[in-house]
Amino acid sequence: MIAVVDDDPFVRDGLKNLLLSIDHNAMTFESAEEFLGAAEKDSVTCVVADVRMGGISGIEMQDRLKSTGFSAPIIFLTAHCDDATRTRALSGGAFAFLCKPFDEDELLASIGSALTSIQRI
């Protein structure tokens, strides 16, 4: 199950439809808080999340998840593509950091690599 966490409903729904079109199960969450509180997060194999959202940021969500032992790879998408944010996300354990607008093929390749990496563990 791939979790899409983004406060923009158009991005959220678009990503879900993209993932469903290639036979990936996907769930959407409109905030980091919603995802952090979801029982379904235990079945998540990859997270695709925005960095800047109202409330808890994607990077803060990553920090909280890591502190609980959550190990699914996290791929960040952001319109705010600065080096400091990229460095913080990747040093915190993010699998990938993509800038909006992103290339669908690049995102799908990142998701494929992330899912392959967890199968090796």
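The values are calculated or read from the model by the stated rules, or taken from the named source; none is laboratory data. Treat the numbers as computed from the prediction; the structure is a model and nothing was measured. Backbone-built Cβ (ideal geometry, glycine too); neighbour counts: all protein chains shown.
When the residues of the range 1-46 are narrowed to those that are within 11 Å of the chain's Cα centre (by Cα) and among the aromatic types (Phe, Trp, Tyr), which ends up nearest to PHE70 (Cα to Cα)?
Looking at the filtered set, the residue picked out is PHE35.
Would you mind finding the one in THR45, THR78, THR68 that is in contact with a Cys (Cβ under 9 Å, 6 or more places away or on another chain) and of a type in the set (Ser, Thr, Tyr)?
From the options THR45, THR78, THR68, the qualifying one is THR78.
Check ARG86, ARG52 and return the single one that is surrounded by 12 or more Cβ atoms within 10 Å (Cβ to Cβ), charged (D, E, K, R) and over 24 Å from GLU34 (Cβ atoms).
Exactly one residue qualifies, and that residue is ARG86.
Given the structure, is ARG12 more than 22 Å from ILE118 (Cα to Cα), among the basic types (Lys, Arg) and in a loop (DSSP other than H, G, I, E, B)?
Here the answer is no, as ARG12 does not meet what is asked.
Just for the range 108-121: of the residues that are part of a helix (DSSP H, G or I) and without any contact (Cβ under 8 Å) to a residue 40 or more places away in the chain, which one is nearest to ALA49 (Cα to Cα)?
It comes out as SER110.
Report whether or not MET53 is under 14 Å from ASP6 (Cα atoms) and either in a strand (DSSP E or B) or within 12 Å of the chain's Cα centre (by Cα) (or both).
Answer is no for this residue.
Can you name the condition, by its number, that LEU65 falls short on among (1) under 22 Å from ALA109 (Cα atoms); (2) at pLDDT 95 or above; (3) buried (at least 18 other Cβ atoms within 10 Å of the Cβ)?
Tallying (1) under 22 Å from ALA109 (Cα atoms); (2) at pLDDT 95 or above; (3) buried (at least 18 other Cβ atoms within 10 Å of the Cβ), LEU65 fails exactly one: (1).
Yes or no, residue by residue, for (1) farther than 20 Å from ALA3 by Cβ; (2) of a type outside the set (S, T, N, Q); (3) without any contact (Cβ under 8 Å) to a residue 60 or more places away in the chain:
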{"site": "SER67", "(1), (2), (3)": "no, no, yes"}
{"site": "PHE70", "(1), (2), (3)": "no, yes, yes"}
{"site": "ILE74", "(1), (2), (3)": "no, yes, yes"}
{"site": "LEU77", "(1), (2), (3)": "no, yes, no"}
{"site": "ARG86", "(1), (2), (3)": "yes, yes, yes"}
{"site": "GLY92", "(1), (2), (3)": "no, yes, yes"}
{"site": "PHE97", "(1), (2), (3)": "no, yes, yes"}
{"site": "ASP103", "(1), (2), (3)": "yes, yes, yes"}
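Against the conditions (1) exposed (fewer than 14 other Cβ atoms within 10 Å of the Cβ); (2) among the hydroxyl-bearing types (Ser, Thr, Tyr); (3) within 21 Å of ASN17 (Cβ to Cβ), where does SER31 fall short? Just the number, please.
Here SER31 clears every test but (1).
Mind listing whichever residues of the range 69-107 are under 18 Å from GLY14 (Cα atoms), assigned to a helix (DSSP H, G or I) and under 12 Å from the mean Cα position of the chain (by Cα)?
Within the range 69-107, LEU107 is the sole residue that qualifies.
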